[in-house]
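This report refers to the structure that appears directly beneath it.
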Amino acid sequence: MAKEMEAEELKSSLERGDSLFMLDVRTPEEYADWRIEGVLNVPINDLDTQLAQLPKNREIVTICARGNRSQLAADFLTKAGYQVKSLRGGMVAWNTVYNTVHVPLQLDGKGQVFQMRRLGKGCISYLIVSEGEALVVDPSCRTEKFLEVAKENDAKITHVADTHQHADHVSGARLLAETTGASLYLNPLEEYLFSDFKPIEDGASVTVGNVSIRFIHAPGHTRGSTVFQIGDQALLTGDILFVEGVGRPDLRDKAQDFAEELYSTYQKRLNSQSDDLVVFPAHYGSQVKVQLNQPISATLGELKKRIGLFNVTKDEFISYVTSNIPPRPPNTQYIVKINRGEIDCDPLQAERLEEGPNRCAVSVTR
């Protein structure tokens, strides 16, 4: 039987730049919907006729949804003389892997920002560290990841916040705040069913060490969506603005109303901001080419040019956004109930609910 490779091992290998050859043996439809970039797709049933595409001088990693077909493919290729390992747990395991990069902002004192990317899901969290304190923004349910990065940087998590009430993944904000004793910041416009948090108010600020973060109410993806401005340098835009598009307005079943709010957010909240501010989103889609040693970001000025919806009429904006909504993420309604506090959830349940790609953006880059 061929050997297996753990998802964390694959991530480390990619970060080092090892010469791996990744082979996805799922159907073309599965591959198109959810995949690791740079992977060759050859369905398992076609392997025997496609061997000429595969290198014998490089290690091959076979990939499928949960590790079953990839193990069969690895066994077959091993017998055929190839160096092969199967990705244990497949894409579901890859969904739990994080890649952390330092964000090169010039903050007062020794303040630092870290971007934590969940590679299989396209979710992004942030850790802002200053003077031994840390704020975690948009954490997932795998709270140990954030504790590890805070410890590595000699910081205690003192503040936790969500930019909005997520619908594609289970938030770990409340659990992380309970675990660490940190103050939890949420926007009450999201109609949470619990009250043990500090309300995010438009124009208010929170200070972490000597770094100030200002809250800017930015509805449109959800009613309580909020942009976090870090000093005079950066915007954590949640799911309002991405490097490849804008937030989808339909996940609360009020696409027309929310599209109007989204348009207002762009015109009144974002268009007036400095073009030099660097935008850091809460998600990224398959169109974004991830470099494991560089943050996913763009200046606001770049996005105003790249995304053609900053300078269109209201009717044009609403028509485009509501006509180009991608398929809904799976289990959306159930995940929202968890994040509102209606249903309890554990991390293992969250992993099952969150299978599949990120679909938070209406793509409009050109």
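Throughout, read-outs are computed from the coordinates displayed, never taken from laboratory work. Worth saying up front: this structure is predicted, and the values here are computed from it rather than measured. Positions of Cβ are backbone-derived with ideal geometry, glycine not excepted, and every protein chain shown enters the neighbour counts.
Here the stretch 44-134 was treated as a single set of alpha-carbon atoms; its pair distances binned every 5 Å from 0 give 3, 13, 16, 14, 11, 10, 9, 8, 7, 6, 4, 1, 0 percent. In terms of surrounding Cβ atoms within a 10 Å radius of their Cβ, M1, M116 rank from fewest to most as M1, M116. For the stretch 98-363, the antiparallel share of DSSP beta bridges with both residues in that region comes to about 75%.
The distance from the alpha carbon centre of the stretch 141-165 to that of the stretch 299-359 is 23 Å, rounded to a whole number. Of the trypsin sites (Lys or Arg not before Pro) found in the stretch 1-65, the ones in coil according to DSSP and having at most 16 other Cβ atoms within 10 Å of their Cβ are K56, R58. Cβ crowding within 10 Å ranks S140, S323, S12, S274 as S323, S274, S12, S140, fewest other Cβ atoms first. How charged is the neighbourhood of L186? Take every other residue with its Cβ under 12 Å from the Cβ of L186, and add Lys/Arg as +1 and Asp/Glu as -1. Once all neighbours under 12 Å are counted, the net charge is -3.
How would the stretch 126-285 be classified by its alpha-carbon gyration tensor: rounded, prolate or oblate, with rounded meaning a/c under 1.5 and the a/b versus b/c comparison settling the rest?
On the way: a/c = 1.80, a/b = 1.39, b/c = 1.30.
In terms of gyration-tensor shape, prolate.
Estimated at 0.36 nm per residue, the fully extended path between R252 and S319 surpasses their Cα-Cα distance by 22.3 nm.
The helix-based estimate of mean residue ellipticity at 222 nm for the chain, built from -39,500 (n - 2.57) per DSSP H run of four or more residues and divided by its residue count, is -7000 deg cm²/dmol to the nearest 500.
Placing dummy labels 7 Å off each Cα toward the beta-carbon, the span from D196 to Q273 is 3.2 nm. For H159, H169, H221, the sequence from fewest to most other C-beta atoms within 10 Å is H159, H169, H221. Checked against a 20 Å cut-off, the cross-linked pairs K3/K145; K110/K151; K268/K305; K110/K156 give Cα-Cα distances beyond that limit for K3/K145. The relative contact order of the chain, computed from alpha carbon pairs under 8 Å that lie at least 6 residues apart in sequence, is 14 percent. Modelled spin labels at Q333 and D75, positioned 7 Å past Cα toward Cβ, are 4.1 nm from each other. In this simple spin-label approximation, Q233 and D154 carry label points 7 Å from Cα along the Cα→Cβ vector, and these lie 1.9 nm apart. Separation of the stretch 227-275 from the stretch 62-87 is 43 Å, based on Cα centroids. Applying a DSSP loop filter and a limit of 15 other Cβ atoms within 10 Å to the trypsin sites (Lys or Arg not before Pro) in the stretch 234-304 leaves K254, K289.
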